[in-house]
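This report refers to the structure that appears directly beneath it.
The values are calculated or read from the model by the stated rules, or taken from the named source; none is laboratory data. Just so you know, these numbers come straight off a predicted model, no measurement behind them. Note: ideal-geometry Cβ built from the backbone for every residue, glycine included; neighbour counts use all protein chains shown. The protein model used for the area step is the full one, side chains on, heavy atoms only, and it has no ligands, DNA or RNA in it. Shrake-Rupley method; radii C 1.70, N 1.55, O 1.52, S 1.80 Å.
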Amino acid sequence: MQYRGEILKEAIYKSGVPITELAKRLGKSRRWMYLMFENSMVSLDIVLQIGKLIHHDFTDEIKEFNVSSTVVNEPPAAYEKEVSNADYWKDKYLKLLEEYNMLLKQRQIQ
């Protein structure tokens, strides 16, 4: 079974959108993109963002997008597992670090 990072990598390469361009549109670094490819539990929000940018629907490849398997008003069990996953916290840290670096660059410009 493929994990989310592999699914995203495959779809991105098939789309023909350069990694650099995609990273820029997401406000991320190329390094972050390649680390994401190795992540088994990429955030569903990131998957949706990438899907919009490369015009790809991940509902067939990623089971959490299957609406019939989720109950309304109750968070999916996969989300609870994702929050407890170490990769989730690593991604949050990387995002925070990138935002901090952007703020530092803005201060240097002013």
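Candidates are the residues of region 84-96 that are open to solvent by less than 70 Å² (accessible area, probe 1.4 Å), in a helix (DSSP H, G or I) and not aromatic (F, W, Y); the one that is modelled with the lowest pLDDT is D87. If we keep just the residues of region 13-55 that are over 23 Å from Y93 (Cβ atoms) and aliphatic (A, V, I, L, M), which is least open to solvent (accessible area, probe 1.4 Å)? Among them, the one singled out is I54.
Can you name the residue in region 56-83 that is in a helix (DSSP H, G or I) and open to solvent by 90 Å² or more (accessible area, probe 1.4 Å) and is also modelled with the lowest pLDDT among such residues? Ranking the candidates gives S68 first.
Within region 1-55, can you find the residues that are part of a helix (DSSP H, G or I), in contact with a Lys or Arg (Cβ under 7 Å, 6 or more places away or on another chain) and either on the phi > 0 side of the Ramachandran plot or not polar (S, T, N, Q) (or both)?
First, the residues of region 1-55 that are part of a helix (DSSP H, G or I): 4-15, 19-26, 30-37, 44-54.
Filter once more, so that each one left must be in contact with a Lys or Arg (Cβ under 7 Å, 6 or more places away or on another chain): 19-20, 23, 37, 47, 53.
Within region 1-55, I19, A23, F37, V47, L53 meet the criteria.
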